[in-house]
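The values are calculated or read from the model by the stated rules, or taken from the named source; none is laboratory data. Note that the coordinates shown come from a computational prediction; the quantities given were computed from them, not determined experimentally. Every residue, glycine as well, gets a Cβ built from its backbone with ideal geometry; the counts of neighbours run over all protein chains shown. Surface accessibility is based on the protein's heavy atoms, side chains included, excluding ligands, DNA and RNA. Shrake-Rupley method; radii C 1.70, N 1.55, O 1.52, S 1.80 Å.
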Amino acid sequence: MAVSSLIITLSLLFVAATCTAGAVGAAATTTTALDDVCGALGEFYVTPELCASALCYDPSSPCRAARDAPAVAALAARLAAANATAARDRVEAAAAAASSSAAAPGLRACLQLYGGLVPALEWAAGSVAAGRLPGAREVIQAGQYVAVGCGGMAGGAALPRENDAFGTMALVAYAVLASMSKGY
Ligand SMILES: *[C@@H]1O[C@H](CO)[C@@H](O)[C@H](O)[C@H]1NC(C)=O
């Protein structure tokens, strides 16, 4: 009896605290989970501004709605997979359009990298959403190298801008996951 009423009281307090936090958050006077996570990535050379601009670029994935650090990580992994898919599609189109130009072999090699990366990133996004970071972190790190590698293979002018955009997202997503999984 005493215990169950204590539990009810605590539950009500929790609900009240959650509602208050939501109301205050809406007035932008407290920091969100995104601000907390993005503010702690300095050792990975990611500024709070770079982090927030990457994770908040897509209005259909509301970044400030992420309620805690694992939700921010899940958002980052999902956006990295979506960006890689967009980059792969644009590289594929560029490779087809450039079929006989000097840039074609580099674009095709880049496309092969993305072809392997996209399914791995989709797995990683599902894994992080389920709370599992090991493996996902390494896949996202590999994504950084794919973006840089494509820059070297296909060259600046021939490469769609989505490659750089994905590279930035992979840098940020890797930093988010690495900051949360120190020491495993
Ligand atoms: C990919 O992510 C970047 C952030 O680095 C964003 O600005 C860009 O619009 C995204 N591009 C696509 C096609 O998804």
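A few notes on this one:
- Fully extending the segment from ALA97 to ASP58, taken as 0.36 nm per residue of separation minus the present Cα-Cα distance, adds 11.2 nm.
- Pairwise FRET efficiency - THR30 versus ASP164, Cβ, R0 = 41 Å, nearest 0.05: 0.75
- Rolling a 1.4 angstrom probe over region 33-179 with all protein chains present gives an accessible area of which 58% lies on carbon and sulfur atoms.
- For q = 0.10, 0.16, 0.19, 0.21 Å⁻¹, Debye-computed log10 I/I(0) when each Cα of region 33-179 counts as one equal scatterer: -0.33, -0.77, -1.02, -1.18
- Distance between modelled label sites at THR47 and GLN112, nm, 7 Å Cα→Cβ extension: 3.8
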